[in-house]
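The values are calculated or read from the model by the stated rules, or taken from the named source; none is laboratory data. None of these values were measured; they are calculated from a predicted model. Glycine also receives a Cβ, built like all others from the backbone with ideal geometry; neighbour counts cover every protein chain displayed. Just the protein is used for accessible areas: all its heavy atoms, side chains included, with ligands, DNA and RNA removed. Shrake-Rupley method; radii C 1.70, N 1.55, O 1.52, S 1.80 Å.
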Amino acid sequence: MNASAPTTAETLRSALAGLLDGLPPKQASAAVERLIANYRGATPTDAPVLRDRSDVAAYAAYRMPATFEAVRAALDGLAEAAPEWVPGSHVDVGGGTGAATWAVDATWDGPRTTTVLDWAEPALALGRELAGRSSSEALRGADWRRAVIGIGIDLPDADLVTVSYVLGELTPQARRAVVAEAARAGRAVVLIEPGTPEGYLRIREAREQLIEAGLKVAAPCPHDGACPIEVGQDWCHFSARVSRSSLHRKIKGGSLPYEDEKFSYVAATRFPVAPVPFRITRRPQIRKGLVLLELCGPEGGEAAGLTRATVTKRHGDLYKAARDADWGQEWPPPADA
């Protein structure tokens, strides 16, 4: 794990500062509204979502910090399942301005080759500019390439392939092609989508495709079996806390100093991993003298699938751990936690 993760996040915020200088606020806000519609998966397309410098600046200012935190949380799930593994190469598919590359840099130390693929040249140009302000050799040395993200995509082999907030922009056929190629090219594949019912369904379908391709699920699921959630009744998603900068508030407003980014994800590998025993799938409900935990468990056995655990004061240290537990964490906590 990378001990300099907070520094990476601070460096990114610093690099983003000043991006909107000279851009009229109304133009920036209009770009943000259009991008949010695409982000929510309402308008799948085979064309680049980021069209010009104003689009890219608005996206980077408003969405990049949230994307960074969501991807970093997903990568933490992979890192927890494979604590000794460190990727020596990374390909980011549809990487835009590079939020996922910053998240990888915040998760793992060590030398690494990085390739960012996107079909929008303005996004690649700004991503290269932002990365150039980092002290990380992996970021500053990244290869930013223009590529069509869809049917016919050809990825270089890599230890890690990330595809974040991209699948919703694609047609179903293009989506399957991208996931198939990521599964072929990567020793580890991490897919992240918005934490909406639609985003979850895309991750669910991609998860099944990765398993069919021979990969093993590392996170968030404790198993490789079918998702136990009944479609239409609920959806699997998690939350990452995002600090709002003055730049962020300038674009979209809001008085709180933070927001919560909801996301769905799957991490799968071609090497052995140790998934968590159980995953907390909702924010713990703290009551007087007890904590209610919604859990996803392993296949088979008495506690398979979706379960609820009630932890009370008589559980001693486990009760204290439950009160401190958070949505998305493993349960029970590791012995060294």
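Using per-residue counts of other Cβ atoms within 10 Å, averaged over each peptide, order 204-212, 57-65 from highest down.
Taking the mean over residues of other Cβ atoms within 10 Å, the ranking is 57-65, 204-212.
In whole Hz, with x marking every Gly and Pro, tabulate ³J(HN,Hα) for region 66-83 from phi via Karplus 6.51 cos²θ - 1.76 cosθ + 1.60, θ = phi - 60°.
Values per residue, Gly and Pro as x: 5, 4, 4, 5, 5, 5, 4, 5, 5, 5, 4, x, 5, 5, 5, 7, 9, x Hz.
All other residues with a Cβ under 14 Å from the Cβ of W85 taken together, and with Lys, Arg as +1 and Asp, Glu as -1, what is their net charge?
Counting the neighbours of W85, the net charge comes to -1.
Run the 1.4 Å probe and let me know the accessible area of S89, rounded to the nearest 10 Å².
20 Å²
Each label point is 7 Å from the Cα along the Cα-to-Cβ direction; what then is the distance between the points at A226 and D143, in nm?
4.2 nm
Run the accessible area of region 260-337 with a 1.4 Å probe and give the carbon-and-sulfur part as a rounded percent.
Of all accessible area on region 260-337, carbon and sulfur atoms account for 51 percent.
Distance between the C-alpha centers of region 260-299 and region 176-245? Whole Å please.
14 Å
Any idea how far apart D317 and Q285 come out in nm if each label point goes 7 Å out from Cα toward Cβ?
2.9 nm
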